[in-house]
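Reviewing the structure listed below.
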Amino acid sequence: MKIDLADSLYIVTSGRIAILKAFLDRKESMVAIMETGDLFGELGLFDGQGRSATARAIERSEVAAISYTPIRSAIEHRPVLLWSLLELLANRLRQTDDALTDAMFLDVTGRTAKRLLELAANLDEFIIPLTQEELAGLIGASRERVNKTLAAFVRAGY
């Protein structure tokens with residue numbers, strides 16, 4: 001598997017971007033959704049390694065690319081700028097920790113319900129802007145299992 005060079009980070013200026021991880025069988029699974037204002041591609045800024053995931057627009061989107069070089073220069077001159085990046089990394093680590101906890105302690109039904117509530121973001125009604133395959137990736141389950149869970153929610157009147 002080819003690892004792309006990481007030399008820029010990206011800010012979503014409009015739309016939504018899926019962050020995907022590929023597995024040994026080359027199957028991709030969505031692990032995060034970046035929305036307007038979100039930043040991604042920051043890991044290479046710190047460790048110099050290649051990209052850890054693939055980004056793909058899931059709707060009409062625009063991103064701004066910022067080369068690591070001026071960011072590193074700005075941090076060298078104003079180390080206080082690191083705090084914003086550390087906060088971002090801490091939030092991502094917390095989300096990863098929460099996802100791991102969910103995977104350990106919630107079944108597919110619980111993880112599906114939790115993710116749908118997060119996607120709804122306190123709306124009374126919403127349309128799931130994802131395919132079942134994408135939702136399954138976010139939940140950490142098969143598309144078939146998520147399909148059965150969604151059907152059970154509909155039968156139960158949710």
Exercise for review: Please find, within the stretch 36-70, the residue that is modelled with the highest pLDDT out of those that are touching a helix residue (DSSP H, G or I) at 6+ places or on another chain (Cβ under 6 Å) and in a helix (DSSP H, G or I).
Suggested key: Tyr68
**Study point:** All positions within the stretch 30-54 that are surrounded by 17 or more Cβ atoms within 10 Å (Cβ to Cβ) and of a type in the set (Ser, Thr, Tyr)
**Key:** none
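Among Leu138, Leu123, Leu93, Leu100, which is touching a residue at least 40 places away in the same chain (Cβ under 8 Å) and not assigned by TED's automatic domain parsing to the domain that holds Val12? Reasoning before the result, please.
On the way: Leu123 fails: touching a residue at least 40 places away in the same chain (Cβ under 8 Å); Leu93 fails: touching a residue at least 40 places away in the same chain (Cβ under 8 Å); Leu100 fails: touching a residue at least 40 places away in the same chain (Cβ under 8 Å).
Exactly one of Leu138, Leu123, Leu93, Leu100 is touching a residue at least 40 places away in the same chain (Cβ under 8 Å) and not assigned by TED's automatic domain parsing to the domain that holds Val12, namely Leu138.
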Revision key, fill the gap. Within the stretch 1-29, the residues that are of a type in the set (Val, Ile, Thr), within 18 Å of Leu89 (Cβ to Cβ) and crowded, with 17+ Cβ neighbours inside 10 Å are Val12, Ile19
Check your understanding: If a residue has to be touching a residue at least 60 places away in the same chain (Cβ under 8 Å) and either in the same structural domain as Arg115 (by TED's automatic domain parsing) or not in a strand (DSSP E or B) (or both) to count, how many in the stretch 1-35 make the cut?
Key -> 2
Review point. Does any residue of the stretch 104-113 turn out to be touching an Asp or Glu at 6+ places or on another chain (Cβ under 7 Å), in contact (Cβ under 8 Å) with a residue 40 or more places away in the chain and either within 27 Å of Pro129 (Cβ to Cβ) or not in a helix (DSSP H, G or I) (or both)?
Key: no
Check your understanding: Could you give every pair whose Cβ atoms fall below 8 Å, whose first residue belongs to the stretch 37-61 and is of a type in the set (S, T, N, Q), and whose second residue is in a loop (DSSP other than H, G, I, E, B), counting only separations of at least 6 or pairs across chains?
Key -> Gln49/Ile3; Gln49/Ala6; Ser61/Gly15
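The values are calculated or read from the model by the stated rules, or taken from the named source; none is laboratory data. All values reported here derive from a predicted model rather than from experimental measurement. FYI the Cβ positions are ideal-geometry reconstructions off the backbone, even for glycines, and counts take in every protein chain you see.
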